[in-house]
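A quick write-up on the structure given underneath.
What follows is calculated from the coordinates using simple rules that are stated; it is not laboratory data. Note that this is a predicted model, so its numbers are computed, not measured. Glycine gets a Cβ as well: all are built from the backbone with ideal geometry, and neighbour counts include every protein chain shown.
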Amino acid sequence: MRLPPLSLRSKLILSFLAVIIIGGLISLVVGRRLIRNTLIGQAQLKVNHDLASAWMVVNEKLNDIKDIVSLTASRESLHEAIKTGRREILLRYLNRVRTQYRLDILTLTDTRGRVIIRTRNPEVVGDDQSGDEIVRRALQPNILAFPQIVPREELLKEGADLAEQAYLEFIPTPKAAPRPENKETSGLMLKAAATVIDENEALLGVLYGGILLNRNYEIVDRVKEIVFKEEKYKGLETGTATIFQGDLRISTNVTDQEGKRAIGTRLSEEVKKAVLDEGRSWNDRAFVVRDWYITAYEPIRNVENKIVGILYVGTLEKPYLDTANRVMLTFTGLAFLCVLFLLVILYFATSSIIQPLQQMVAATQAIAQGDLDHRVEIQSRDELGDLASSFNQMIEKLKAANEELIKWGTTLEKKVKERTAELVEMQAHLIQSEKLAGLGKLAAGIAHEINNPLGGILIYSHLLLEGAKKDSPEYENLKKIVKETTRCKNIVKGLLEFARPKEPEMSPTDINDTVHRALSLFERQALFQNIQIRKDLSELPKIIADGAQLQQVFANIIINAAEAMDGSGVLAIKTSLDKASNLLRVEFSDTGHGIKEEDMPRLFEPFFTTKEVGKGTGLGLAISYGIVQKHQGSIEVKSEVGKGSTFTVVLPLTRDLPHE
Ligand SMILES: Nc1ncnc2c1ncn2[C@@H]1O[C@H](COP(=O)(O)OP(=O)(O)O)[C@@H](O)[C@H]1O
Ligand SMILES: [Mg+2]
């Protein structure tokens, strides 16, 4: 699956978010463990202390019993009664002590350990208690107090109710170690014994007493009262204490589902192994009856240092876990708020990065569409600001380059146009030259063939004319023959001139002077009487040219102008110097009838004339063209029908010509 493209902002925010979330999750997990471990560690320490307090209560009780038994045993009245064998008094007295100090049993034996007085069950006497380790040691003589397992037959001797009190059927308990039996008939007792000795150090017997711990809640409730006060958590007792006989709860304030004391339930196998089998203490969490507790267990040992039971205190784990969770929840909430806050900051921070970028993108688009005047306006004094200013510089350069290019384009276009025009002109010239060359050959052939016969005709007609009388009719006819023949001769001469032009004889020539001489040929002629001639001659350097030939060119142009004006009008002659192009111009403008557009291309063709037969030969401009071409010059024509024409002879200036 392909993801949709993400904007820069989303990418930035997402990567930040990823870091925050991953970091947050890690710190949550680590933090949760840390808080739990710290809190539970603290609780465990407290529970360890509580167990010590519990031991104090137990030992206090044990000492109480020991004190009662030993003090009673040292009473002289007791000694007297024993010595005198007054059983009635003994029984009454000892029974009072037992009930007064709330002992379960108080029994007196003789010097061999046989029971003399059994205050709880006076009927049963005479049995031998010397097998009992505590009694045996008290006979040594000694005063001692220890917890002790008391079998059912011994309990029965002390009273059926006591045996009944000890009797407990096992309640099936999850996690408990399996046991073959399903009930407990013996009991666990705190038992003290003291030797009875008179003032003469004579052994009189042993007095022993004790309390049965099974179903006796005095100690556990006292532990709870001292250690945990009346603390409760959601209706549950937080602090609990238990006395185990083996792995069986015989006295506890741990409650079961129905809220009753959970006696008859058993220890979890795990703890049993550690404490009962291996004799270690257990300080850890443990599942107790129906909840997890932070617990401390230590073995209870009898007089032979054998483990007979366990003392336990524990506090409910739940309040601590809840506290840890509450802390975590607050922490998470706070972290979440921080993330939100961060996101807001991030949003604005990314804006300050993205907005300039967007501007930049917009600028690029504008530029792509040809708006080279677009500029990015970013004032920020950071990398983005730098980028923007370089960007603007780039556009500036782009714009300059573009303008340069456009300029180049236009000049190039202009140049191409110019060159094309030049080419067209050159081509036209070429065609003209070729035409002229072809026609020239033809004309030369004809002219050559008819020149000699014409010469003959002219000579003979002159001779005839000399011989003829002036008033004879032949005379006039002969005169006409001579005139027309002369005209033919002139045409042929022109033809020959055109066809085989003479090589120009080049010498330094003053063009203004040449113009003057050309004009002077006609000034007196009738055709020019009504023509106003305006001269505008500028100072010109001499050029190397054939003055006679150029004079002929100018004369041809002047005659054409006069003919075009039909004898009246203005002929303006202007010479000018074009130093830049290294040229000089001779311009002849008339106010004649002008030249039709279609005639323009043919003007310089030989025999092209618009004049009536006998008037024009059409050779004037053709010959002139040839001469000017030999001078590396050209003839330009401008004309407007009805207004006039301008013929301009353009000649190159000769370089290296010394100025006078
Ligand atoms: N100044 C001018 N004004 C009008 N037409 C002219 C002028 N000069 C030359 N022409 C035209 O050019 C033609 C050719 O001239 P050209 O070669 O001198 O021969 P021609 O003068 O014998 O006709 C003329 O017949 C005329 O039509
Ligand atoms: Mg002419």
As straight-line cross-link partners of LYS183, the qualifying lysines (C-alpha separation under 28 Å, not fewer than 8 residues apart within one chain) are LYS61, LYS157, LYS175, LYS191, LYS224, LYS260, LYS272, LYS273, LYS306
Going from the fewest other Cβ atoms within 10 Å to the most, one would list LEU139, LEU51 as LEU139, LEU51
Whole-Å distance linking the alpha carbon centroid of the stretch 1-55 with that of the stretch 442-518 is 130 Å
Between the modelled labels at VAL641 and THR255 (7 Å from Cα along Cα→Cβ) the distance in nm is 13.5 nm
DSSP beta bridges in the chain: the antiparallel percent, rounded to 5, is 90 percent
Any aspartates and glutamates whose Cα falls less than 18 Å from that of LYS234, other than same-chain ones fewer than 8 residues away, would be ASP256, GLU258, ASP291, GLU317, ASP322
Checked against a 28 Å limit on the C-alpha separation, the offending pairs among LYS479/LYS596; LYS542/LYS574; LYS535/LYS643; LYS480/LYS615 are LYS479/LYS596
Computed on Cα atoms, the radius of gyration and Dmax of the stretch 1-62 in angstrom are 25.5, 81
Taking every other residue with Cβ under 11 Å from the Cβ of LEU190 and scoring Lys and Arg +1, Asp and Glu -1, one gets -1
Rounded to two decimals, the Debye log10 I(q)/I(0) of the stretch 540-592 (Cα scatterers, no solvent) at q = 0.25, 0.32 Å⁻¹ is -0.99, -1.20
Summing +1 per Lys or Arg and -1 per Asp or Glu among the other residues with Cβ less than 12 Å from ALA274's Cβ gives -4
Of all C-alpha pairs within the stretch 246-295, those more than 12 angstrom apart amount in percent to 65 percent
Rounded to the nearest 10, the angle in degrees between the Cα long axis of helix 473-499 and the longest principal axis of the Cα atoms of the chain comes to 30 degrees
One point scatterer per Cα, no solvent, Debye formula: log10 I(q)/I(0) for the stretch 159-298 at q = 0.10, 0.14, 0.15, 0.22 Å⁻¹ comes out as -0.41, -0.72, -0.80, -1.48
The alpha-carbon pair-distance distribution computed for the stretch 438-573, with 5 angstrom bins and whole-percent values, is 2, 9, 13, 13, 13, 14, 16, 11, 6, 3, 1, 0
Rg/Rh over Cα atoms for the stretch 156-195, Kirkwood Rh, comes to 1.12
In whole Å, largest first, the alpha carbons of the stretch 593-660 cover along the principal axes 47, 25, 20
When MET426, MET189, MET360 are arranged by how many other beta-carbons sit within 10 Å of their Cβ, fewest first, they go MET426, MET360, MET189
Counting Lys and Arg as +1 and Asp and Glu as -1 over every other residue whose Cβ sits under 13 Å from the Cβ of LYS469, the net charge comes to -2
Ordering 310-323, 477-490 by per-residue average of other C-beta atoms within 10 angstrom, highest first, gives 310-323, 477-490
Its Cα gyration tensor gives the chain an equivalent ellipsoid whose semi-axes in whole Å, largest first, are 166, 21, 18
Note to self: C-alpha centroids of the stretch 318-344 and the stretch 387-419 sit apart, in Å, by 65 Å
Contact order relative to length for the stretch 345-409, counting C-alpha pairs under 8 Å separated by 6 or more residues, stands in percent at 25 percent
From the Cα centre of the stretch 288-312 to that of the stretch 225-254, the distance in Å is 13 Å
Cα extents of the stretch 94-249 per principal axis, largest first, Å, are 63, 37, 26
Over all pairs of different Cα atoms in the stretch 344-397, the reciprocal of the mean inverse distance gives a Kirkwood radius in Å of 11.6 Å
Rounded to the nearest whole number, the per residue volume of the convex hull around the C-alpha atoms of the stretch 1-120 in Å³ is 203 Å³
Here D for the stretch 83-146, in µm²/s, from Stokes-Einstein with a Kirkwood Rh over Cα pairs at 10 °C and 1.306 mPa s, works out to 129 µm²/s
Here the Kirkwood hydrodynamic radius of the stretch 195-249, Cα-based and in Å, equals 14.7 Å
Output for the stretch 215-342 (equivalent-ellipsoid semi-axes, sqrt of 5λ from the C-alpha gyration tensor, Å, descending) is 35, 17, 12
From fewest to most C-beta neighbours within 10 Å, the residues TRP282, TRP408, TRP292 line up as TRP408, TRP292, TRP282
Diffusion coefficient in µm²/s returned for the stretch 319-478 by Stokes-Einstein, Kirkwood Rh over C-alpha pairs, 37 °C and 0.692 mPa s, is 122 µm²/s
